[in-house]
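Asks: Structure below; questions to follow.
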Amino acid sequence: MLNKEVQTELNKFAKYVIQQSRSRLTKDKKGGGDLYNSLGYDLTETSKGGNLSFKMEDYATFQDLGVKGKSSSAKAPKSPYKFGSGSGKKGGLTKGIDKWVQRKGIQFRDKKSGRFLSYKSTAFIITRSIYETGMKASMFFTTPFVRAFKRLPDELLEAYSIGIEKQIQVNINKK
């Protein structure tokens, strides 16, 4: 069971992390869409205390930590993810890039003729480049979480001690 002060501090912590994550997405021009809107959290009470969990789109961890490329890991050297490992969903990147290219109206030109390439061809070129070189880590969630977590112990300890103090006062007043 969580006392009211601890719940308040955990709610402040979670709201700060979500707000800062959204700000970083917007600043990095990666926000405004499904990922931005999917950010949220749940604070539930358990028999041992509480459980704070953050919610976001499935691909958020790839955006946050980056993905190593098939032939180069320069963009995300510390990422646990890698294109071409065989563990991911087949064609997931292609579908996402295809939708993005059409939504943004991006079309490359043919070098020889100067004509616009189809959306499908443009999406293929971008997808192949991302697959080979990887995706840079944005740390849009990790950075705010770590910053807030470093501050959390002192604030949580203070809130917890206030809760205990109030509980002692209630018990004294009952006698």
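The values are calculated or read from the model by the stated rules, or taken from the named source; none is laboratory data. Given the structure is predicted, the values throughout are model-derived calculations rather than measurements. For neighbour counting, all protein chains shown are included, and Cβ atoms are generated from backbone atoms with ideal geometry for every residue, glycine included.
Asks: Can you tell me which residue among N51, N11 is free of Cβ contacts under 8 Å to residues at least 60 places away in the same chain, in a strand (DSSP E or B), touching a Leu at 6+ places or on another chain (Cβ under 8 Å) and farther than 15 Å from T142 by Cα?
Replies: Of N51, N11, the one residue that is free of Cβ contacts under 8 Å to residues at least 60 places away in the same chain, in a strand (DSSP E or B), touching a Leu at 6+ places or on another chain (Cβ under 8 Å) and farther than 15 Å from T142 by Cα is N51.
Asks: Taking the stretch 1-48 only, how many residues are crowded, with 16+ Cβ neighbours inside 10 Å, touching a strand residue (DSSP E or B) at 6+ places or on another chain (Cβ under 8 Å) and within 16 Å of D64 (Cα to Cα)?
Replies: So the count comes out to 3.
Asks: Also: Taking the stretch 14-38 on its own, how many of its residues are out of contact with any Leu (no Cβ under 7 Å at 6 or more places or on another chain) and within 16 Å of R147 (Cβ to Cβ)?
Replies: Of the residues in the stretch 14-38, 8 are out of contact with any Leu (no Cβ under 7 Å at 6 or more places or on another chain) and within 16 Å of R147 (Cβ to Cβ).
Asks: Does any residue of the stretch 56-69 turn out to be more than 19 Å from the chain's Cα centre (by Cα) and without any contact (Cβ under 8 Å) to a residue 24 or more places away in the chain?
Replies: No, there is no match, as no residue in the stretch 56-69 is more than 19 Å from the chain's Cα centre (by Cα) and without any contact (Cβ under 8 Å) to a residue 24 or more places away in the chain.
Asks: When you go through S79, S71 one by one, which is the residue that is in contact with a helix residue (DSSP H, G or I) (Cβ under 6 Å, 6 or more places away or on another chain), at pLDDT below 95, closer than 15 Å to R128 by Cα and not hydrophobic (A, V, I, L, M, F, W, C)? Don't jump to the end; show me each part of the working.
Replies: Details: S79 fails: closer than 15 Å to R128 by Cα.
None of the other options fit; the residue is S71.
Asks: Ok, one more. So, in the stretch 17-28, exactly how many residues are closer than 19 Å to T44 by Cβ and touching a residue at least 40 places away in the same chain (Cβ under 8 Å)?
Replies: Going through the stretch 17-28 one residue at a time, the tally reaches 1.
Asks: Name the single residue that is surrounded by the fewest Cβ atoms within 10 Å (Cβ to Cβ) among those in the stretch 62-98 being under 13 Å from T127 (Cβ atoms) and of a type in the set (K, R).
Replies: Result: K90.
Asks: Answer with yes or no whether Q102 is modelled with pLDDT of 90 or more and assigned to a loop (DSSP other than H, G, I, E, B). Even if it seems obvious, please write down each step before you answer.
Replies: On the way: modelled with pLDDT of 90 or more: yes; assigned to a loop (DSSP other than H, G, I, E, B): no.
No: the conditions fail for Q102.
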